[in-house]
Amino acid sequence: MARTARRYEAVQPMNTGNIWSRETAEHSDRIENYCVGIYSRLSVDHNDRKAESIENQIEIIRQYIAEENNRIKNGRKLTVHDIYIDRGTSGASFQREGFERLIDDVRNRVVDCIIVKDLSRFGRDYIEAGRLIQKTFPAFSVRFIAVTDSYDSLYADRAES
């Protein structure tokens, strides 16, 4: 007959003199670090449009990152790699200098999370934007977040195709 008496005993961690508990060490191993590319675009930079200014968009994103990083229980840390800006550029086309530099960093696996203020700042061509968000970014394991639209690809329902 097999011995089963010890099978149900709780495993006690060894005291090695280390101040880190087993639970803390296990928790730190589970933290996902995201290398963030902040993207901001404004087609026309007017002083009367302060709510949509490049600086305002970046500040909203930075506040979001700070709030997310303060939530220790979520196990994810967002670290800004770079800020990609297209000032005075239409969102109708994705042929934009800042955007192309961002995509190069995605392809080179430097950035694995893109954060924008909202989807309209990302681009106005919604078919191409959808293709990037639903197909291209997941292929590169890139998380996409649109702050004021409350969209995070990590939690979005994606249809498998």
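The numbers here are math on the coordinates, done by the rules we state, and not lab data. Every value quoted in this text rests on a predicted model; they were computed, and no experiment measured them. Cβ coordinates were reconstructed from backbone atoms using ideal geometry, including for glycine residues, and neighbour counts include every protein chain displayed.
Extension gain, ALA139-ASN69: 0.36 nm per intervening residue step, less the Cα-Cα distance, totals 22.7 nm.
Modelled spin labels at THR79 and ALA92, positioned 7 Å past Cα toward Cβ, are 4.1 nm from each other. Each of the peptides 146-153, 82-89 was scored by the mean count of other Cβ atoms within 10 Å over its residues; in descending order, highest first, they stand as 82-89, 146-153. Once the Cβ-Cβ distance of GLU55 and ARG101 is raised to the sixth power relative to R0 = 25 Å, the FRET efficiency obtained is 0.85. With K and R counted +1 and D and E -1, the other residues having a Cβ less than 13 Å from that of VAL36 yield a net charge of -2.
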